[in-house]
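Everything on this sheet refers to the single structure shown next.
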Amino acid sequence: MSSDALIVGAYEARYERHAPPERDTKELLKESVLGALADAGLGLKDVDGFGVASFSLKPDHAVDLAWHLGLSPRWLMEDPHGGASGLNLLSHALRAIEAGDAETIVLCSADHLDKDSFAGLVRNYNRVTAEHLAPLNYGGPNALFALLTQRWMDARELGREDLGAIPVAQRAWAGRNPLAVYRDPLTMAEYLGTPLFVPPLCRLDCVPVVSGGDAIVLRAAPAAGPAARVRALRSLFNADQQEGDGLTTGFAAFADDLWSAAGARPEDLDAAYLYDDYPVMVLAQALDLGLVPDADLKRWLGATVLEGSWPLNTSGGQLSAGQAGAAGGMHGLVEAVRQLRGTVEDERATGAELALVAGYGMVLYRHGASHNAAILERIG
């Protein structure tokens, strides 16, 4: 799927655990859009394509937000698919530029979620949740992913110290990211000593809810400075119709095609950005996308991720930076673009030339139904 369209700007509106009311969803989206355009050296007058992902923009939609920003786009899209929304928007935006439907597209995502609004989102995420899970008092996604995590630990013979490699390693990266909500060092002893509240999960295994936003800018080539180009992007939805055991995901179904289309192999990567609402999903994506040599998860987690500090979720991931609702689906993409363009802080810079970004989202009965992944490279 290699495209001539380039990602020329990226921005993250600061994540906050308790954002003030005036920093509402609309304001976060506006800040993200203007920040990404400024990063690209462009303005609102240059935009002719616009895409939005948000759980809390309702009752407004993409067209309402475009009007508030003074935009008159030729291409407009709204995506509701949570953790997969960022790459889903990107896939459609690339095609729009290739088709000549737009030349400069801004994709943005944000949510302002206080305690009450988040509780409402959890209860009414979709009809399955509202009609079948909520009446069971299932406690939201933590309960579902606790079950999935235990199944993974049993099937792969993993202990909590293996699981803990993800939040501990990512917290070390978060310490170098001034935008991360949780930056204090985290040791394995502290992780293992944290009480379980949905066994086998402790609070450090569960993504913290924050408010914030993210945005990227795509433009038809060429670009004046460093940019990111998508070598390949693949998606799959409802891979197992919710009948699988969760040990194999939709990523496995398209991994070979993704790498073939990109003309690369997992060992060529300089960094990876895997959707991390829970550590188990990082393991699932890494394994199914071929990042784990010989499928030896214990060795990969210990020697590569934890001891080797391999560039995995260099923002700290959502587990330390926070999950701003639907913006979680764009968080890793923004960090990857910033790393590839060399616009991150020096202490966090990886010099990456090739990166993987994966999206995962929309939990139905048992696990997420939406999977996508992209290989991005540095240009210029």
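The values are calculated or read from the model by the stated rules, or taken from the named source; none is laboratory data. The shown structure was predicted, so the numbers you read here are calculated from the model rather than taken from an experiment. Ideal geometry is used to build each Cβ from the backbone, glycine not excepted, and the neighbour counts take in all protein chains shown.
Annotation note: of ALA336, ALA369, ALA327, ALA373, the sole residue that is of a type in the set (Gly, Ala, Ser), assigned by TED's automatic domain parsing to the domain that holds HIS132, in a strand (DSSP E or B) and within 18 Å of ILE216 (Cα to Cα) is ALA373.
A single entry from SER85, SER56, SER91 fulfils the requirement of being in contact (Cβ under 8 Å) with a residue 12 or more places away in the chain, touching a His at 6+ places or on another chain (Cβ under 8 Å), buried (at least 18 other Cβ atoms within 10 Å of the Cβ) and not in a strand (DSSP E or B): SER56.
Quick grid of which residues meet (1) modelled with pLDDT under 95; (2) not aromatic (Phe, Trp, Tyr):
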site	(1), (2)
ASP39	no, yes
GLY51	no, yes
HIS61	no, yes
TRP67	no, no
LEU87	no, yes
GLY120	yes, yes
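Consider VAL33 carefully, then state whether it is among the β-branched types (Val, Ile, Thr), free of Cβ contacts under 8 Å to residues at least 60 places away in the same chain, out of contact with any Asp or Glu (no Cβ under 6 Å at 6 or more places or on another chain) and farther than 24 Å from LEU364 by Cβ. Judged against the criteria, VAL33 is not a match. If you check ARG151, ARG156, ARG171 for being buried (at least 20 other Cβ atoms within 10 Å of the Cβ) and of a type in the set (Lys, Arg), only one passes: ARG171. Of everything in the stretch 288-332 that's out of contact with any Phe, Trp or Tyr (no Cβ under 7 Å at 6 or more places or on another chain) and more than 29 Å from LEU158 (Cα to Cα), which residue is modelled with the lowest pLDDT? Across the stretch 288-332, the extreme among qualifying residues is ALA327. Taken across the stretch 29-36, residues that are among the β-branched types (Val, Ile, Thr) and over 20 Å from the mean Cα position of the chain (by Cα) do not occur at all. Could you check, for the stretch 200-223, whether at least one of its residues is out of contact with any Asp or Glu (no Cβ under 9 Å at 6 or more places or on another chain) and of a type in the set (Gly, Ala, Ser)? Yes - at least one qualifying residue is present in the stretch 200-223.
The condition (being under 25 Å from GLN150 (Cα atoms) and either free of Cβ contacts under 8 Å to residues at least 24 places away in the same chain or within 18 Å of the chain's Cα centre (by Cα) (or both)) is satisfied by just one residue among LEU297, LEU301, LEU233, LEU289: LEU289. Scanning the stretch 342-376 for residues that are in contact with a Ser or Thr (Cβ under 7 Å, 6 or more places away or on another chain) and modelled with pLDDT under 95 yields ARG348, GLY361, MET362.
A search for C-beta distances below 7 Å between a residue of the stretch 64-78 that is under 9 Å from VAL52 (Cβ atoms) and any residue that is at pLDDT below 95 and buried (at least 16 other Cβ atoms within 10 Å of the Cβ), counting only pairs 6+ apart in sequence or on different chains, returns LEU65/LEU57. Against the condition assigned to a helix (DSSP H, G or I), more than 30 Å from ASP256 (Cβ to Cβ) and without any contact (Cβ under 8 Å) to a residue 24 or more places away in the chain, how does LYS45 come out, does it pass? So LYS45 passes the test. Answer with yes or no whether ASP79 is over 20 Å from the mean Cα position of the chain (by Cα) and crowded, with 16+ Cβ neighbours inside 10 Å. So ASP79 does not fit the description; no. LEU65: in the same structural domain as GLY86 (by TED's automatic domain parsing), assigned to a helix (DSSP H, G or I) and under 15 Å from VAL8 (Cβ atoms), yes or no? No. Looking across the stretch 1-43, the residues that are surrounded by fewer than 19 Cβ atoms within 10 Å (Cβ to Cβ) and among the acidic types (Asp, Glu) come down to ASP4, GLU16, GLU22, ASP24, GLU27.
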